[in-house]
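Inspection log for the structure reproduced underneath, given as C-alpha cells.
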Amino acid sequence: MKKIKTIKTNNFVKKIFVKVCRILGYELIDQNNFEIPTLEKNALENISIAGKKSISIPLGQIDITRKVKSLNVYFRSCSKVNLWNQNKERTFEADKDEYALRSLYSILKSINYSKKSFNEINIKLSIIDDNSSDEFIQNMKKLLSKFDIDNEIISLQKNEVTQDVKDSNFASIKKCYTLAKENSEDLIYFVEDDYIHDEICILEMIGTYERIATQLNKEILLCPTDYPYLYASCDPTYIFLGNKKHWRKTEQSLGTFLISKINLNIYWENLLQFASGKDDPGELAL
C-alpha cells in the first residue's frame with residue numbers, strides 16, 4: 001500500500017512540475033522514453049510550433065521571427081511528354097500518366113500530413129496542365145477529391161505559347177510564375193510532375209524555412225531535391241539544421257524550388273529569363 005501511495009504522490013508532483021514548466025515556457029524531456037510531457041509528444045515527432053518556436057534536440061529552441069503565413073504549390077503536369085527534350089524512356093518505363101499521378105498523390109499526402117502540425121498555415125494547390133488527355137485530367141480530379149485541400153486545375157492555352165518563350169514547357173513555367181506573382185501571399189513551391197515526395201516533405205520545408213530564415217534574418221530559397229550533379233565538383237558549403245533534416249548551401253537550382261513572394265518580386269526578371277527557355281543551360285538565369 002505504501003508503494004502505491006508513493007507512486008501516486010510522484011505522479012502528482014510530476015503533473016504540477018509539468019504545469020509550472022509550461023507556464024514558464026520550458027520544455028521537459030524524459031530521457032527514458034524521449035517523451036516531452038510539456039508538449040504531450042515524443043521527441044521523434046515534429047515538436048516545433050509553427051510561427052512561434054523551432055525546437056531541435058539537442059540544440060534547443062529558436063524563437064521564430066519569420067512566421068510563414070501561407071503556401072501556394074504550383075504543380076506543372078503534362079501527360080504526353082516522357083522526358084522533356086530527350087529521346088529516352090524514364091526509369092521503370094511506365095506511362096507518363098503513372099509518374100505524374102504518383103507525384104501528385106505524394107504531394108497531396110505531404111500537404112495533408114503538414115496540416116497536423118501547421119494547421120494555421122493556408123495551403124493551396126494549383127495544377128497547371130499542358131495539353132494532357134481528358135482521361136488524365138479526370139484521374140487527377142479523382143485524386144484531388146480524396147483530400148480536403150484547396151485546389152484548382154488550370155489548362156495552358158495555345159495562345160500562351162508566344163514568341164518570348166521557347167516552347168509549351170517554358171510557357172507553363174511562365175504561367176506558374178505569373179499566377180504566383182498575382183495570387184500568392186507568402187511562400188511558393190514550384191514543382192514538376194516527376195518528383196515523389198516524402199510524407200514529411202512539405203512540413204519539413206515550412207519548418208525549415210521559418211527556422212533558417214529566422215537565424216539568417218533574411219529570405220531564403222529551398223531546393224528539396226538533393227541532385228547528384230551537385231556533387232560533381234568540390235564546392236565549399238554550409239550545413240544547416242532544418243526542422244528535422246540537414247540542409248546544405250548551394251549556388252544552383254533546377255525548376256523545382258520553394259521561394260518567398262518577397263524574393264519572387266526581387267528576382268522577377270531572372271525568373272522571366274529562365275521561363276523564356278533561351279538560355280543554355282536553361283537554369284543559367286537561376
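The values are calculated or read from the model by the stated rules, or taken from the named source; none is laboratory data. Please read these numbers as outputs of a predicted model, since none were measured by experiment. Neighbour counts run over all protein chains shown; Cβ positions are idealised from the backbone, glycine included.
Is it the case that the stretch 80-101 has a residue that's assigned by TED's automatic domain parsing to the domain that holds Phe257, among the β-branched types (Val, Ile, Thr) and at pLDDT 95 or above? No, the conditions are met nowhere in the stretch 80-101.
Considering each residue of the stretch 125-142 in turn, none proves to be in a helix (DSSP H, G or I), touching a helix residue (DSSP H, G or I) at 6+ places or on another chain (Cβ under 7 Å) and modelled with pLDDT under 90. Of the residues in the stretch 229-241, at least one is assigned by TED's automatic domain parsing to the domain that holds Asp167 and touching a helix residue (DSSP H, G or I) at 6+ places or on another chain (Cβ under 6 Å).
Tallying residues that are over 19 Å from Thr256 (Cα atoms) and either crowded, with 22+ Cβ neighbours inside 10 Å or touching a Phe, Trp or Tyr at 6+ places or on another chain (Cβ under 7 Å) (or both) within the stretch 197-236 yields 3. When Asn42, Asn11, Asn112 are screened for being at pLDDT 65 or above, over 30 Å from Ser260 (Cα atoms) and in contact with a Phe, Trp or Tyr (Cβ under 7 Å, 6 or more places away or on another chain), only Asn42 passes.
Residues are listed down the side, and each one gets a yes or a no for (1) without any contact (Cβ under 8 Å) to a residue 40 or more places away in the chain; (2) among the aromatic types (Phe, Trp, Tyr); (3) closer than 18 Å to Thr208 by Cβ; (4) surrounded by 16 or more Cβ atoms within 10 Å (Cβ to Cβ):
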site: Gly242; (1), (2), (3), (4): yes, no, yes, yes
site: Glu251; (1), (2), (3), (4): yes, no, no, no
site: Gly255; (1), (2), (3), (4): no, no, no, yes
site: Leu258; (1), (2), (3), (4): no, no, yes, yes
site: Lys261; (1), (2), (3), (4): no, no, yes, yes
site: Leu264; (1), (2), (3), (4): no, no, no, yes
site: Tyr267; (1), (2), (3), (4): yes, yes, no, yes
site: Leu271; (1), (2), (3), (4): no, no, no, yes
site: Ser276; (1), (2), (3), (4): no, no, no, yes
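A single entry from Asn265, Asn243 fulfils the requirement of being of a type outside the set (Lys, Arg) and in contact with a Gly (Cβ under 6 Å, 6 or more places away or on another chain): Asn243.
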